[in-house]
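Chemist: Here you go, one structure.
Every number here is computed from the coordinates shown, using simple stated rules; none is lab data. Computed from a prediction, not measured in an experiment: that's the story for all the values here. Cβ placement follows ideal geometry from the backbone for every residue including glycine, while neighbour counts extend to all protein chains displayed.
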Amino acid sequence: MLIKKLVVALMFGIGAAAPAVALAFKDDGLISGEEWGGILGALAIAFWGKFSSNTTVFAPSREGETIAGPPKS
């Protein structure tokens, strides 16, 4: 469960850092120290935000939940 949580949080972090990388390369094709700080900051904030608040992980199904609703007795 922890591995899934780490992977999901890392994917969110990479997704948040991708636009920062694109913007950093836009001006002259090089990433400066300040830009690296912004990229790593975006990754860290998104990673920690998802990791610390992630009580459920993407999964095919969870016990007691189905598309049709709760199990009928």
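Chemist: If we count every other residue with Cβ under 13 angstrom of Ala24's Cβ, Lys/Arg +1 and Asp/Glu -1, where does the sum land?
Modeler: On the way: positive: Lys26; negative: Asp27, Asp28, Glu34, Glu35.
So the surrounding residues net to -3.
Chemist: List the extent of the Cα atoms of segment 2-53 along each of their three principal axes, largest first, rounded to whole Å.
Modeler: Largest to smallest, the principal-axis extents are 39, 14, 13 Å.
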